[in-house]
Amino acid sequence: MPDFYQHDMITTIHDLRSAKLDNLESMLRESTENHDIGLVLPVTASDMRAEPFDVIVRELAQADYIASIVVSLGVAPDQSDYDETCAKIAPLGDRAKVLWTDGPEVQGLYNELIDSGIDVSVPGKGRSVWTAFGYLLDDPNIETFVLHDCDIVDYDRQLLSRLCLPMVHPGLDFEFCKAYYARVTDRMHGRVVRLLVAPLLRALMQCFPDNQFVRFLGNFRYPLSGEFSLTRNLARTNRVASDWGLEVGTLADVYRNTSHKRVCQVDLARLYEHKHQTLAVDQPSSGLIKMALDILTTIYRTLASQGIVFGESTFVTLRASFLRIAQDCIRQYAADARVNSLNYDRHSEEMAIEAFAQCVTQAGEIFAADPSGNPSIPNWTRVRAAFPDFTSRLRDTV
Ligand SMILES: O=C(O)[C@H](O)COP(=O)(O)O
């Protein structure tokens, strides 16, 4: 049976099993009569050619309550990547456009910003999402922005409807809605969430018991989910991280720019399977170790920006506390796996937490060398203040 537990700061919208897609979609059609939704789909050329993308396009063709769809295409150096993406999304009609971030026009616009001191030089999902937000901001009718990944195996549009409804229903008043789900097949996935972020937040609570931001992060059931929806205002004022700090960085800016009463999380009512990356301790610049380092430095920098003082010994204490709590988590996951007849490889989980424990102090060194870092792209308010016609020129590239 699903539970209906509520955390103390944000609202949780559970899957209580009675919502039918037809009902959700008819509420959405009514709610969006005077409220346009823009959907952002960040995609790489290789994801665009993979099977999940075809399923996503097929499903979206029926999501007629979405006014505008922008496919933000990156890691796509060739004209043929762009042409193929345009052909694939043709069934979505005129409301869908491809924003080719590697194409010459968009690259020209990035160079203009870089020349004037606005750093948009780091490619990746963060920059793709930020660029798509700029494209949508140029349409004054779009009030809600929604985003999901394009590598979701077994996609169905119920997921999208659950992500949109809390934002657009006239009886609700949320400004940010984040997805959660279980990453489970015959085993539990979500290694970074389970084995790094969850124990880390508990360890941070021990070190900084009064910190409200840590408490806020601890309210999210899947803080690394890449699916969320937000108001036009937050899309304009939030900064976007260009590395793996994107998800926690977004939560940090939401915490700063709105009230926690206006924040919710929604169960996407499905087990969510995606691509998996490797966890190789000797490769700090790739895979889950890179992800862990980016997440940790984003959290440290956010706490420092709130006035928290970190000494060298803080990270040593945090690491010790993290390791002990992570070992307790493994005990909990093992029990959960046993009773649910899931495979559970305790040895590789232990290896993972040891690798993540090293990251806790390594990220401390990265932070100490560069306490403010520069991973975030400036928000759109700043860009539009400097270049009032920028978003309309961005729109012209499409
Ligand atoms: O969600 C996560 O924790 C990371 O994306 C890693 O996920 P995985 O363990 O399912 O590959």
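The values are calculated or read from the model by the stated rules, or taken from the named source; none is laboratory data. Here the structure is a predicted model, which means the values were calculated and not measured. Counting neighbours? That spans all protein chains shown, and the Cβs are built from the backbone with ideal geometry, glycine included. Protein only, heavy atoms only, side chains kept; ligands, DNA and RNA dropped before computing areas. Shrake-Rupley method; radii C 1.70, N 1.55, O 1.52, S 1.80 Å.
For the reader, a short list of remarks on this structure follows.
- Quotient of C-alpha Rg and 2.2 N^0.38 Å, computed over the range 11-396: 0.98
- Across the chain, Cα pairs under 8 Å and at least six residues apart give a relative contact order of 21 percent.
- Scalar couplings 3J(HN,Hα) for the range 174-179, obtained by applying the Karplus form with A = 6.51, B = -1.76, C = 1.60 to θ = phi - 60°, are 8, 10, 8, 9, 10, 7 Hz; x denotes Gly and Pro.
- For ILE69, distant residues with modelled amide H under 5 Å away: LEU39, ALA96, LYS97
- Short-range pairs are left out: with C-alpha atoms under 8 Å and at least six residues apart, the relative contact order of the range 142-213 is 16 percent.
- The charge dipole of the chain, taken about its Cα centre with unit charges on the Cβ of Lys, Arg, Asp and Glu (plus for the first two, minus for the last two), comes to roughly 1100 debye.
- The Cα-based radius of gyration of the range 250-393, divided by its Kirkwood radius, gives an Rg/Rh of 1.04.
- √(5λ) per eigenvalue of the Cα gyration tensor, the range 178-328, largest first, Å: 22, 22, 15
- Given the chain, longest segment not containing exposed loop chymotrypsin sites (Phe, Trp or Tyr not before Pro) (DSSP; at most 13 other Cβ within 10 Å): 6-398
- Intensity falloff of the range 1-109 expressed as log10 I(q)/I(0), Debye formula with alpha-carbon point scatterers, at q = 0.09, 0.10, 0.24 Å⁻¹: -0.35, -0.42, -1.25
- Full extension of the chain between HIS14 and VAL281 gives 92.5 nm of extra length, using 0.36 nm per residue less the Cα-Cα distance.
- For the chain, the solvent-accessible area of protein heavy atoms averages 43 Å² per residue (probe radius 1.4 Å; ligands and nucleic acids excluded).
- The alpha carbons of the range 82-199 occupy a box of 46, 37, 33 Å along the principal axes, longest dimension given first.
- Note on the chain: dipole from Cβ charges, positive end direction compared against PRO284, CYS86, LEU137; the farthest Cα belongs to PRO284.
- One decimal place: the segment ALA87-GLU312 gains 75.6 nm when fully extended, by the rule 0.36 nm per residue minus the C-alpha distance.
- 5 angstrom amide H check on GLU273, placed H, neighbours 5+ away: VAL153
- In this structure, TYR344 and ASP210 have a Cβ-Cβ separation that, at R0 = 56 Å, corresponds to a calculated FRET efficiency of about 0.95.
- Accessible surface of the chain [probe 1.4 Å, protein heavy atoms]: carbon and sulfur percent: 50 percent
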